[in-house]
1. May I ask you to give the average projected area over all directions of the convex hull of the Cα atoms of the stretch 135-219, in nm² rounded to one decimal?
2. Based only on other Cβ atoms within 10 Å, what is the fewest-to-most ordering of 26, 159?
3. Once you have a ≥ b ≥ c as the square roots of the Cα gyration tensor eigenvalues for the stretch 74-203, tell me rounded if a/c is under 1.5, and otherwise prolate or oblate according to whether a/b is larger than b/c.
4. If you stretched the chain out fully between residue 176 and residue 249, how much longer would it get, using 0.36 nm times the residue separation minus the C-alpha to C-alpha distance?
5. Taking the Cα centre of each part, how many Å lie between the stretch 89-109 and the stretch 275-293?
6. Could you please state, rounded to a whole Å, how far the C-alpha centre of the stretch 208-232 is from the C-alpha centre of the stretch 21-52?
7. What angle do you read, to the nearest 10 degrees and between 0 and 90, between the alpha-carbon axis of helix 184-194 and the longest principal axis of the chain?
8. Which of the lysines could be linked to residue 66 by a straight reach, that is with a Cα gap under 25 Å, when you skip same-chain ones fewer than 8 residues away?
Amino acid sequence: MAKSMHNAVMVSEVLDALQIKNGGRYIDATLGGATHSIEMLKNLGPNGRLISFDVDPLALTNARSKQKDFGNRWQIVESNFRNIEQVANESGLGPFDGILFDLGISSDQLADESKGISFQIDGPLDMRLGPNANQDGLTAATIVNRWSEKELTRLFRVYGEEKRATSIAKAIVARRRQKKFETTFDLAGLIAEKSSQTATKARIHPATKVFQALRIAVNDELESLKVALQGARKILAPNGVIVVISFHSLEDRIVKQTFKSFKDFTVSKKPILPTENEIKINPRARSAKLRVAHKNAIQNQNLCPEPTLLL
């Protein structure tokens with residue numbers, strides 16, 4: 001079994017934000033390399049419980065190999081986190097004291113050529129994070145080979161925030177008339193070829209934003225996040241906390257706006273950022289933003305008073 005290469009970000013900040021209670025009930029909605037889950041378990045004590053979610057079979061297998069160290073304190077679930085409310089209710093463990101979402105793609109997933117997520121590794125144009133990542137079997141190959149130029153342009157512009165969305169979409173449609181796209185190198189090569197000299201010399205690879213847009217669409221990431229945050233609100237105990245680490249503006253905007261709509265919560269005004277030292281050690285942490293929302297305790301004055309009996 002391959003050891004996880006993933007370095008979780010902001011581990012100490014996550015633990016500080018969650019303020020884990022001995023014997024508490026918690027959820028790690030994004031298992032990944034299991035670093036956050038295991039650190040949470042270490043602080044839970046023998047009576048604590050943790051549910052961890054993922055759709056990636058490799059992540060689930062790696063975590064289950066460590067599960068024996070924690071016994072029935074750790075429940076590992078193969079499910080999209082959009083199902084968080086249903087799974088939590090079925091577990092009978094709620095309400096929960098804390099819920100973590102680390103929205104980053106793990107190094108293990110990027111290195112898995114079968115997923116086709118990275119433009120640096122040749123693999124099939126799939127991009128599903130797992131077989132249950134979506135409900136319709138949609139893949140990146142389906143999108144680039146079948147969607148219209150207008151649909152591709154909108155996808156790259158909205159989900160990738162790609163300024164060259166129109167020209168890239170046009171190039172994809174022209175090329176697929178001759179030969180369908182099958183691999184990541186196939187698509188990344190075309191984008192690099194059609195990019196200007198200025199874009200090619202930019203800090204990021206010219207295919208970065210297009211690959212991001214395709215991955216988000218394939219896994220329905222943004223809609224799943226909206227559903228999951230609403231579900232997390234419902235299953236959280238008074239005084240409980242939701243912690244979210246996001247890595248790009250689309251996710252962070254959803255988290256910020258959703259937290260703002262939670263009228264029964266106290267929300268941190270500014271995100272917590274990784275330290276300079278962490279960024280040096282783990283450069284992928286540089287774009288991370290951690291936001292925290294605390295569910296307010298039930299106030300007695302908001303409850304209906306007991307009726308007074310007139311004798």
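1. Details: hull surface 20.9 nm².
Averaged projected hull area, Cα only: 5.2 nm².
2. Details: 26 25, 159 21.
By the 10 Å Cβ count, ascending, the order reads 159, 26.
3. prolate
4. Values: separation 73, 0.36 × 73 = 26.28 nm, distance 3.09 nm.
Working it through step by step, the gained length comes to 23.2 nm.
5. 20 Å
6. Going from one Cα centre to the other spans 24 Å.
7. Value to nearest ten degrees: 60.
8. Within the straight-line cut-off, residue 66 pairs with 3, 21, 42, 115.
Any read-out appearing in this document is the output of simple, stated calculations on the displayed coordinates, not a laboratory observation. Treat the numbers as computed from the prediction; the structure is a model and nothing was measured. Cβ: placed from backbone, ideal geometry, glycine included. Neighbour counts: every protein chain shown.
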